[in-house]
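The values are calculated or read from the model by the stated rules, or taken from the named source; none is laboratory data. Being a predicted model, the structure only gives us computed values, none of them experimental. Cβ: placed from backbone, ideal geometry, glycine included. Neighbour counts: every protein chain shown.
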Amino acid sequence: MATLIHPVSTERAISFIDRNNVIVYVVDTRATKPEIKKDFERQFAVKVASVRTVNLPANVKKAFITVAKGYKASDIASKLKLV
């Protein structure tokens, strides 16, 4: 199961990168927070401080992934070509 589907590139999601060190991802609706954390850490070689999720009405699940201190969400965003 592919847990991480794609990053969110809205203006609000981009502002989270700069202000809160958070990357927003659309994830599989069956994915759990520990699975999301493990896959993100493995894919980008960073530590994750926390994962918050929200289920949307259109059968979509978003994960707000806070990158740990010592790592920058802006570096990950540039790899993903978000900024």
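Can you confirm whether V83 is crowded, with 18+ Cβ neighbours inside 10 Å and either of a type in the set (V, I, T) or at positive phi (or both)?
Details: crowded, with 18+ Cβ neighbours inside 10 Å: no; either of a type in the set (V, I, T) or at positive phi (or both): yes.
Answer is no for this residue.
Residue-wise test of (1) farther than 11 Å from N21 by Cβ; (2) assigned to a strand (DSSP E or B).
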| residue | (1), (2) |
| --- | --- |
| K37 | yes, no |
| R42 | yes, no |
| N55 | yes, yes |
| A63 | yes, yes |
| T66 | no, yes |
| Y71 | no, no |
Inset, instruction - Would you mind finding the one in N55, N59 that is surrounded by fewer than 12 Cβ atoms within 10 Å (Cβ to Cβ) and modelled with pLDDT of 95 or more? - result: N55
Inset, instruction - Hey, can you tell me all the residues within the stretch 24-33 that are part of a loop (DSSP other than H, G, I, E, B) and hydrophobic (A, V, I, L, M, F, W, C)? - result: A31
Inset, instruction - Run down F40, F44 and say which single residue is under 9 Å from the mean Cα position of the chain (by Cα) and not β-branched (V, I, T). - result: F40
Inset, instruction - Could you check T66 against (1) closer than 15 Å to T3 by Cβ; (2) in contact with a helix residue (DSSP H, G or I) (Cβ under 8 Å, 6 or more places away or on another chain) and say which number it fails? - result: (1)
Inset, instruction - Could you tell me whether the stretch 66-74 includes any residue that is in contact with a strand residue (DSSP E or B) (Cβ under 6 Å, 6 or more places away or on another chain), surrounded by 15 or more Cβ atoms within 10 Å (Cβ to Cβ) and at pLDDT below 95? - result: yes
Inset, instruction - Keeping to the stretch 1-23, report how many residues are within 14 Å of E41 (Cα to Cα) and either modelled with pLDDT of 95 or more or assigned to a strand (DSSP E or B) (or both). - result: 3
